[in-house]
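This report concerns only the one structure given below.
Bear in mind these aren't lab numbers, they're just calculated from the coordinates by the rules spelled out. Predicted model only: the values in this text are computed from it and were never measured. Positions of Cβ are backbone-derived with ideal geometry, glycine not excepted, and every protein chain shown enters the neighbour counts.
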Amino acid sequence: MANSNLRRRNFVGASVGVVASTLAAAETAAAPAPKKADTGADSSKPYGVQYYEKVNEIWDRISSTELPLLAQGADQAAGSLRNNGKLYCQIVGGHMHIAEMRRDRPGNPGYLHNLSRNIKPQMFDLVGKGDFVLFDYPKEHIRKARDRGAFTVGIRVPYHPNKTTPKGVLAMNELAENPVFADVLLPEECCSIILTSHVPFTDGLLYIPEIPAVRACGSSPQGIFNLFWMLSAEIAMRHKGGSPMGSSDKAREFIQTVKERGAKIRKNLDQIDSVAKAMVEYVSRGGRYWNYPLGYSDENSKIEKWSIMVEENTNRASGLVMSKTLSPADIKEKAKAGDFVFIAAEASDVKENIAAAHAFKNAGLKVIYVGPKTEGSTAEDLPKIADWHVDTLSPERDGVLKIPGMDKKICPTTGVLYALAQYMLNAQFIGHMIKADMTPLLFMGMHLIGGRAYYNVVQKVYESRGY
């Protein structure tokens, strides 16, 4: 790995040229970058602020357009429960979804048990009249369930085409051999009602002139997860809390809580920026960017160890082509003193995370903790151990909503606000890397035309450059 900034600068310039020429030769370039007037970018604002503002636009759209539809969906789900129907959920888009919506997630009321994309379609053969389905995966088995009488609620997401998707931007033909993308229908063809995540088809939100082909910093958690928790809250209120049909008060309370806490994270930009500058300094000295994956078992996918929040920061569309996973067992083989490692968590006092943080620090790595200072944490916890802490301002161990008839609060904000803080930090990091003449590369989503070719090129650049 090069230790001089001069060598890094020369390689960055060469790598950008390689990417551009390779895509042009393959004639699979992404949709043309918008002109400056079309980007919505404001060069006078830090990238972290631009990212926050665009996420806030997603929250505002959800608040203004989706509440009546969420109420209608919750009415139908509650009716299914009263009449001995079953509730189903199959959401497969994004990166954190398996962890965020898992059944034993603290704060999950358990009404919508998310099914893996790997289940056989035949599992839905018995789904029909009186049942309820939430989905973002518009496949034939969902349409058939709807035709048999199930009430199906679809979510428009960036990865599959829908009636609002611009023409000529999604690479469905390129991905047809992948069973995840093969034989995908329009969600409108499968649903009784349709929700909109308000996440753009690019997923990434930031236009960066030095990296024009890719929108930086993804946003899918801000659509899918908020809708999932808002709908779960309204189902719980009807089933346990005696809420009248048509109500959306708890869904509104949840998204308002997210907005209020997000605004406080925005006010902490100076501290976030300090962490970003430190990250650039580590990289300039030859440091590597790592993520620690705490795992758990998932009964649907049969994966024994599946990284949790780390999925949002490694091999991610619109994410950095420099962030890899690292466990304490891998330190001697992969890492060295001067590297830095992200630890992201739903709670600040998880024993495995604390042990990992000590192992990393003992090996000379800098530890950056992105997560809350959890209520009731009296012993060692990550904010005390880490070299840097970016607070996600979600201190509760469970959720944020009190539901009559339920012992614990439901619907957590730890996931969506982690994603906000992480991307604000990475946005600032990208900006400072560019100022240091070390422009990083980004992954293009493979759901976009040109995404596969772009991925192949930047991955080779990463392997050659070392970050």
Over the alpha carbons of the range 164-282, what is the largest minus smallest coordinate on each principal axis, giving the biggest first in Å?
-> 55, 43, 22
Here the Kirkwood hydrodynamic radius of the range 343-431, Cα-based and in Å, equals 13.9
Three-way shape label, the range 223-277, alpha-carbon gyration tensor, a/c 1.5 = prolate
Can you tell me the relative contact order of the range 351-410? Whole percent, Cα pairs under 8 Å, sequence separation 6 or more.
-> 29
What's log10 of I(q)/I(0) for the chain at q = 0.06, 0.07, 0.11, 0.14 Å⁻¹, Debye sum over Cα points only, no solvent?
-> -0.26, -0.35, -0.89, -1.43
Please give the peptides 403-413, 330-340, 223-233 ranked by average Cβ packing (other Cβ atoms within 10 Å per residue), highest first, as a rough proxy for protection.
-> 223-233, 403-413, 330-340
For the chain, calculated [θ]222 nm from helices alone, where every DSSP H run of n ≥ 4 adds -39500 (n - 2.57) = -12500 deg cm²/dmol
Order of 234-240, 183-189, 271-277 by packing, highest average Cβ count within 10 Å first?
-> 234-240, 271-277, 183-189
Could the peptides 369-381, 386-398 be put in order, highest first, of the mean number of other beta-carbon atoms found within 10 Å of their residues?
-> 386-398, 369-381
If contacts are Cα pairs under 8 angstrom and at least 6 residues apart, what is the relative contact order of the chain in percent?
-> 21
Net charge dipole size for the chain [Lys, Arg +1 and Asp, Glu -1 on Cβ; Debye, nearest 20] | 340
